[in-house]
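Quick note: the coordinates plus some simple rules give every number you see, no bench work behind them. Here the structure is a predicted model, which is why all the values come from computation and not from measurement. Quick reminder, even Gly has a Cβ in these numbers, built from the backbone with ideal geometry, and neighbours come from all protein chains shown.
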Amino acid sequence: MLVVFCFTGKGGIMFRCLYSNKRMIASVFCMVIPLYLLLSPGSVVEAQDAGKKPVRVNMTVTLKFSPDKVTVYQGDTVEWKNQSPFTHTVTDDPALATNKTDSVLPEGAIPFNSGNIEPNETYRYTFTVPGTYHYFCIPHEKDKMKGEVIVVPLNQQS
Ligand SMILES: [Cu+2]
């Protein structure tokens, strides 16, 4: 069934259903479908995520992640860009950390490591498990090049 939504000049919403003679049934469908889209978190999130740009974190000449703390939603992608002349990494793996507390992962999240990110290169990671992540740069862990990502569960979106 093809449903067309028409916004009237008076501010109200009029639903017009094509290819259906049963106007009453069609009207009910017209009401139910937008209600479902409104009330179903998954559907709304999918709509919001369509074409969403990654959250950008820069890797700087001063050996920092900037910003060093970002909050994203579950399923969002973070993109790190190396704006320095040095090689950096984005690493959240306790096995690769000199100081184990530099790597923090929420329960159920798999450790990740970008490998070397050369000048002007980027690295993207999509966060599917909510919680708090503490990551670091392998060559500059000793220089305290560390960052934090907080991933908010989809069902806590406002
Ligand atoms: Cu680095």
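A few remarks follow.
- With the simple model of a label 7 Å out from the Cα in the direction of the Cβ, residue 155 to residue 52 spans 1.8 nm.
- Each peptide in 118-124, 132-138 receives the mean, over its residues, of other Cβ atoms within 10 Å, and ordering these scores from highest gives 132-138, 118-124.
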